[in-house]
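K.L.:
Below you'll find the structure I mean.
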Amino acid sequence: MNYSLSHVPERTAQPRNNGVTMVMDKGLSLAEAENFLSKAAKFVDIIKLGWATSYITENLKEKIQLYHAHNIPVYFGGTLFEAFVVRNQFEDYLRVLDEYGLEYAEVSDGSITLPHEEKCNYIAKLATRGKVLSEVGSKDAEKIFAPYKWIDLMRSELQAGSWKVIGEARESGNIGLYRSTGEVRQGLVDEIINAISAENIIWEAPQRPQQVYFVKLIGPNVNLGNIAPEEVIALETTRLGLRSDTFASYLPEDIKQKYKLGKYFQDERLKQDN
Ligand SMILES: O=C(O)[C@H](CS(=O)(=O)O)OP(=O)(O)O
């Protein structure tokens with residue numbers, strides 16, 4: 001920190017298991033990645049090379065080495081895993097992971113239909129070589145399933161060996177955990193967190209209101225994913241209660257009362273209305 005401020009919540013320390021910020025790199029150049037790391041490396045816990053962008057990204061090996069040199073694990077988007085699976089090339093996929101020195105891997109079925117047992121077998125197999133993140137939720141807006149189903153899938157994937165399960169949102173944030181407007185499916189999220197420990201879940205939350213929602217609900221050390229590189233520092237301030245959206249979150253009552261923050265602001269509005 002550049003100076004001292006009281007009433008700022010404590011963040012977990014890197015390497016984090018909780019309070020993770022997963023950033024989506026969808027094809028940054030090596031120079032852009034260097035530039036990005038020079039300002040934000042200490043706020044980045046995992047990099048996902050979005051969907052199959054790694055297939056055509058220039059200087060891929062060098063970029064992965066650069067992230068690793070900053071102790072930031074990297075994994076390929078789940079869509080790439082799916083692209084290998086549907087071509088019957090899973091063994092090739094394993095070779096690619098080894099060739100690029102990737103310990104982390106994502107298993108997903110967002111674009112394909114995969115029997116869940118088969119998905120769990122892939123999770124178990126990949127878990128023998130490193131950390132697995134498995135994604136729950138479809139990229140197809142027509143495929144909506146009930147909260148109990150999300151919970152069942154998440155539970156069995158964690159049991160199969162996933163390090164964390166990811167709640168689907170896509171880059172756009174208008175699917176899976178969210179309605180087409182981007183609004184959070186709050187009932188779904190409430191049921192999930194009642195059943196599964198929040199530290200086992202990474203919530204994809206590409207839009208600012210979605211990030212704010214989860215920071216307010218779960219706290220500064222919530223695991224968030226699909227964060228755009230240019231939003232990392234802004235998100236960190238949201239976590240710390242240093243942006244308007246979460247400003248009142250960690251301040252004591254006397255300060256909130258004096259400056260009419262949070263519920264005191266609402267009380268004031270009510271008085272004015274009556
Ligand atoms: O599910 C995701 O967040 C992404 C990005 S998008 O769906 O293509 O927008 O897919 P992934 O393959 O996991 O990177």
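The values are calculated or read from the model by the stated rules, or taken from the named source; none is laboratory data. Note that this is a predicted model, so its numbers are computed, not measured. When we count neighbours, we look across all protein chains shown, and the Cβ atoms used for this are built from the backbone with ideal geometry, even at glycine.
K.L.:
Take the residues of segment 8-63 that are touching a residue at least 60 places away in the same chain (Cβ under 8 Å) and among the small types (Gly, Ala, Ser): which is nearest to residue 202 (Cα to Cα)?
P.N.:
Within segment 8-63, the match that is nearest to residue 202 (Cα to Cα) is 19.
K.L.:
Same structure again: Given 231, 253, 191, which one is out of contact with any strand residue (DSSP E or B) (no Cβ under 8 Å at 6 or more places or on another chain), surrounded by 18 or more Cβ atoms within 10 Å (Cβ to Cβ) and modelled with pLDDT of 95 or more?
P.N.:
231
K.L.:
Let me ask you something else. Within segment 51-70, can one find any residue that is within 11 Å of the ligand (Cβ to nearest atom), under 19 Å from residue 230 (Cβ atoms) and of a type in the set (Val, Ile, Thr)?
P.N.:
Checking segment 51-70: at least one residue is within 11 Å of the ligand (Cβ to nearest atom), under 19 Å from residue 230 (Cβ atoms) and of a type in the set (Val, Ile, Thr).
K.L.:
Take the residues of segment 10-50 that are farther than 18 Å from residue 235 by Cα and among the charged types (D, E, K, R): which is farthest from the ligand (Cβ to nearest atom)?
P.N.:
Checking each candidate, the answer is 34.
K.L.:
Are any of the residues in segment 11-24 over 22 Å from the mean Cα position of the chain (by Cα), at pLDDT 95 or above and not in a loop (DSSP other than H, G, I, E, B)?
P.N.:
No, segment 11-24 has no match at all.
K.L.:
Being within 14 Å of the chain's Cα centre (by Cα) and in a loop (DSSP other than H, G, I, E, B) is the filter; apply it to segment 71-80 and report the residue that is nearest to the ligand (Cβ to nearest atom).
P.N.:
The selected residue is 77.
K.L.:
How do the strands (runs of 3 or more DSSP E) wholly within segment 81-197 filter down when requiring 2 or more residues that are under 18 Å from the mean Cα position of the chain (by Cα) and either of a type in the set (Ser, Thr, Tyr) or more than 14 Å from the ligand (Cβ to nearest atom) (or both): which remain?
P.N.:
Ranges flagged: 131-136.
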